[in-house]
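Student: One structure coming up, written as structure tokens, with questions to follow.
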Amino acid sequence: MQLSPGRPPYAASLCVAVAGVELGSLPLADPGLLPMAGLSGAAAVLVALALVGCAGHLWVSPRQHVYSGGAAIALGLLSYPLANLGGFLLGMFLALIGGALAIAWQPTHDAPIPRTAAPSAPGRHGETEARSVR
């Protein structure tokens, strides 16, 4: 069984990316005020960038979905004290939901191709089926 390539956890990646954008939107709304926000503003931006990085990692390497999902949940919980109550709770909940979806995601497996005998002639395939039914 091989994992099917190109099937990332879309919903989890989207939730985590939107959480990162939401958490970073308030501190970066006016970058001139970022030095006045101090350590809190810088922490909010770093948490937002890390969440967007987790979403990208989920998208690019879906086989490591448990690590990215766990990191998204940890960052979502850290965003509560560090980033304006977790982006007014919306960013935190999106990060928690996206992380849980990433951990719960199961990759699909390619079904093995059954090996059947090829018909002896293209026109005689129906005849062999008719004979086997009788």
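The values are calculated or read from the model by the stated rules, or taken from the named source; none is laboratory data. Note that the structure is predicted; figures quoted are calculated from it, not measured. Cβ atoms come from the backbone with ideal geometry, glycine included; neighbour counts cover every protein chain shown. Surface areas here come from the heavy atoms of the whole protein model, side chains and all, with no ligands, DNA or RNA. Shrake-Rupley method; radii C 1.70, N 1.55, O 1.52, S 1.80 Å.
Student: Which of the helices (runs of 4 or more DSSP H) found entirely inside the range 7-117 contain at least 1 residues meeting this: within 18 Å of the chain's Cα centre (by Cα)? Walk me through it before giving the result.
Tutor: Numbers: elements: 10-25, 34-37, 39-60, 65-82, 84-88, 90-104.
Once the helices (runs of 4 or more DSSP H) in the range 7-117 are filtered for at least 1 residues that are within 18 Å of the chain's Cα centre (by Cα), what remains is 10-25, 39-60, 65-82, 90-104.
Student: Another question about this same structure. Would you say Leu34 is more than 13 Å from Ile97 (Cα to Cα) and either at pLDDT 90 or above or surrounded by fewer than 13 Cβ atoms within 10 Å (Cβ to Cβ) (or both)? Give the derivation first.
Tutor: Working: more than 13 Å from Ile97 (Cα to Cα): yes; either at pLDDT 90 or above or surrounded by fewer than 13 Cβ atoms within 10 Å (Cβ to Cβ) (or both): no.
Taking the combined requirement at face value, the residue does not satisfy it.
Student: Could you list, in sequence order, the residues of the range 9-31 that are exposed (fewer than 15 other Cβ atoms within 10 Å of the Cβ), of a type in the set (A, V, I, L, M) and over 18 Å from Leu101 (Cα atoms)?
Tutor: The answer is Ala29, and nothing else.
Student: Restricting attention to the range 84-103, does a residue exist that is modelled with pLDDT under 90 and buried (at least 20 other Cβ atoms within 10 Å of the Cβ)?
Tutor: Yes, that holds for at least one residue.
Student: Of the residues that make up the range 106-118, is at least one modelled with pLDDT of 95 or more, of a type in the set (S, T, N, Q) and either closer than 19 Å to Val21 by Cα or touching a strand residue (DSSP E or B) at 6+ places or on another chain (Cβ under 9 Å) (or both)? It would help to see each step written out before you state the result.
Tutor: Within the range 106-118, the first condition is being modelled with pLDDT of 95 or more, and the residues that meet it are none.
Checked against the condition, which is being modelled with pLDDT of 95 or more, of a type in the set (S, T, N, Q) and either closer than 19 Å to Val21 by Cα or touching a strand residue (DSSP E or B) at 6+ places or on another chain (Cβ under 9 Å) (or both), the range 106-118 yields no hits at all.
Student: Which of the residues belonging to the range 37-60 are open to solvent by 70 Å² or more (accessible area, probe 1.4 Å), in contact with a Ser or Thr (Cβ under 6 Å, 6 or more places away or on another chain) and of a type in the set (Val, Ile, Thr)?
Tutor: Matches in the range 37-60: none.
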